[in-house]
Structure formats: structure tokens, C-alpha cells
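Bear in mind these aren't lab numbers, they're just calculated from the coordinates by the rules spelled out. Because the structure is predicted, anything quoted here is derived from the model rather than measured.
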């Protein structure tokens with residue numbers, strides 16, 4: 001597992017395919033605030049709730065200067081089905097080999113139903129305009145996370 005990121009760290013750059021097969025590179029978004037959130041699997045109840053919450057908040061987050069990227073290990077084709085099924089408006093990225101998740105501390109050991117397993121750690125990292133981490137949360141809850149994020153960022 002990679003080290004968890006903390007405020008002041010430089011966010012590791014990445015280039016990942018989105019749900020249409022186009023590539024998205026984090027450093028291309030320099031000069032903008034970026035919310036990067038990691039989730040275990042498209043089309044599961046918790047991940048669907050979280051993605052819908054972000055999608056519903058996208059306009060207000062964009063108005064406050066934030067771009068939102070959701071990253072999971074799902075293939076782009078599955079992400080496209082997820083986007084279409086749930087009418088999602090945010091950018092979904094595929095990290096099939098989990099290299100980005102590992103570099104960002106969002107993949108490793110976690111507890112699931114009382115057992116220690118290896119998997120995606122539901123996490124959200126906010127990257128400032130200069131490419132450094134301004135906020136980082138790990139082991140977040142799917143439900144209510146966007147509202148908490150907005151409060152923590154002073155957007156409510």
C-alpha cells in the first residue's frame with residue numbers, strides 16, 4: 001500500500017482512461033481545484049449512492065471552482081454503463097491495475113465485515129491549483145460524504 005497523502009504533499013500525477021476511452025491527465029488540470037475520489041466498484045449500492053451525490057453536487061462544486069474525478073478499478077466499458085444507467089455527469093476514470101490508487105494510499109488492507117482484506121479504500125483527496133494536496137480523507141462513508149466534504153471545504 002502506498003503512503004496516505006496529507007495536506008502539503010504533491011499529488012502524484014496520473015493519466016487514466018475515462019468512461020469514453022479518452023485519457024485524463026491530472027497535471028492538465030493544474031490551475032483548477034480537483035476533487036479525486038476513489039471507490040471500490042461501479043454499480044454497487046454504496047458506490048452508486050456516492051457517485052449520484054457527487055453528480056447532483058457537480059454544478060455547485062464547479063461554481064466553486066472544483067473539478068470532480070471518480071476513480072475505480074472498473075474497465076471503461078463498465079464505467080460507461082454505470083454513467084448511463086445512473087445518468088451521472090461527473091468524470092469516471094479507470095485504474096484497472098490500481099497503480100494510481102496505490103500511489104494515493106487508496107488501495108491496501110482494510111476491514112470488511114470484520115475481516116482484514118486487500119482492496120480499494122474509499123477515499124477523497126482535494127488537490128489545490130498548484131498540484132498539492134489541500135485535504136485528504138480515508139475510509140470515508142459512501143452515504144453523506146459529499147455533504148461532509150462541502151462542510152469541510154466551507155462550501156455550505
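Look at the Cα gyration tensor of the range 58-98: its axes a ≥ b ≥ c give a/c of at least 1.5 with a/b at or below b/c, and that counts as oblate. Reported to the nearest whole Å, the Cα centre-to-centre distance from the range 85-105 to the range 1-78 is 6. From largest to smallest, the equivalent ellipsoid semi-axes obtained for the chain from the alpha-carbon gyration tensor read 20, 18, 17 Å. Rounded to the nearest 5, what % of DSSP beta bridges with both residues in the chain are antiparallel? About 70 percent, rounded to the nearest 5. The helix-based estimate of mean residue ellipticity at 222 nm for the chain, built from -39,500 (n - 2.57) per DSSP H run of four or more residues and divided by its residue count, is -8500 deg cm²/dmol to the nearest 500.
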